[in-house]
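The values are calculated or read from the model by the stated rules, or taken from the named source; none is laboratory data. Every value quoted in this text rests on a predicted model; they were computed, and no experiment measured them. Neighbour counts run over all protein chains shown; Cβ positions are idealised from the backbone, glycine included. Surface accessibility is based on the protein's heavy atoms, side chains included, excluding ligands, DNA and RNA. Shrake-Rupley method; radii C 1.70, N 1.55, O 1.52, S 1.80 Å.
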Amino acid sequence: MLTKIPFTELLKSVPGFFGIRLEEQPKYEVVETIDDVEIRHYKPALLARLTIEGEHDKAVDEAFDRLARYIFGENSKQIRMSMTVPVEQHAEGERMAMTSPVLQKPGGRGWTVAFFLSNDLFTSEAPRPDDPAIELIHEPARTVAALRYRGNSSENKREDSRQRLLAALAKNPRWRIAEDVYWAQYDAPFTLPFAKRNEALVELEPR
């Protein structure tokens, strides 16, 4: 059974239909641009993450639902936390990276999904999940390259964004790619496709 979303979150979802986002998002500073790619410096952040084995869509749906239950009250303090964006998705075994929405990569046995919780909390300050499989992770500051794209995040669009991101970074020898490309989705499935914000992301290190 899918998680029942609180009425206050449903009210927030109305502007979300048009791609207007009211949720807290990870804080970052754009330090450089390369073509359509932003080089961002992200502040430390607290994430809740969960890995589910299986095919992408089913695994991500299950992980999203269980993480939503955590922030809507299935936690040690029985409190409801606000929805935040983005949501991250990674192929199983990949290292979780910062910005989120949903991270995705073809192949592998499963997917890791992460909710951004806060730039201002540590793991000791957040309520513990009732679900023992959910981890609270405090991510350090990091540098990330991001390429935005619109519409539904299909497998073809993810692959196209990955290639465009890596091609742009190849033009600038200042940065070395430190991790695999992952993806972030900022909007609910019901958001009009033209208003959906997605990103291909990769962590960087200076050469």
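Key figures
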{"quantity": "E62 being within 21 Å of S153 (Cα to Cα), surrounded by 19 or more Cβ atoms within 10 Å (Cβ to Cβ), modelled with pLDDT of 60 or more and of a type in the set (D, E)", "calculated": "no"}
{"quantity": "Residue match in segment 36-51 (condition: in contact with a Lys or Arg (Cβ under 8 Å, 6 or more places away or on another chain) and either closer than 20 Å to N152 by Cβ or modelled with pLDDT under 85 (or both))", "calculated": "yes"}
{"quantity": "Failed item, numbered, when S161 is tested on (1) surrounded by fewer than 17 Cβ atoms within 10 Å (Cβ to Cβ); (2) within 16 Å of the chain's Cα centre (by Cα); (3) not basic (K, R)", "calculated": "(1)"}
{"quantity": "Elements of type strands (runs of 3 or more DSSP E) in segment 28-70, at least 2 residues being without any contact (Cβ under 8 Å) to a residue 40 or more places away in the chain", "calculated": "28-34"}
{"quantity": "M98 being buried (at least 17 other Cβ atoms within 10 Å of the Cβ) and either under 18 Å from R162 (Cα atoms) or at pLDDT 85 or above (or both)", "calculated": "yes"}
{"quantity": "Boolean, L201 is under 22 Å from A59 (Cα atoms) and surrounded by 14 or more Cβ atoms within 10 Å (Cβ to Cβ)", "calculated": "yes"}
{"quantity": "Test result for F17, open to solvent by less than 90 Å² (accessible area, probe 1.4 Å), among the hydrophobic types (A, V, I, L, M, F, W, C) and either at pLDDT below 90 or touching a strand residue (DSSP E or B) at 6+ places or on another chain (Cβ under 8 Å) (or both)", "calculated": "yes"}
{"quantity": "Only listed residue being among the small types (G, A, S) and modelled with pLDDT under 85, chosen from G73, G93", "calculated": "G93"}
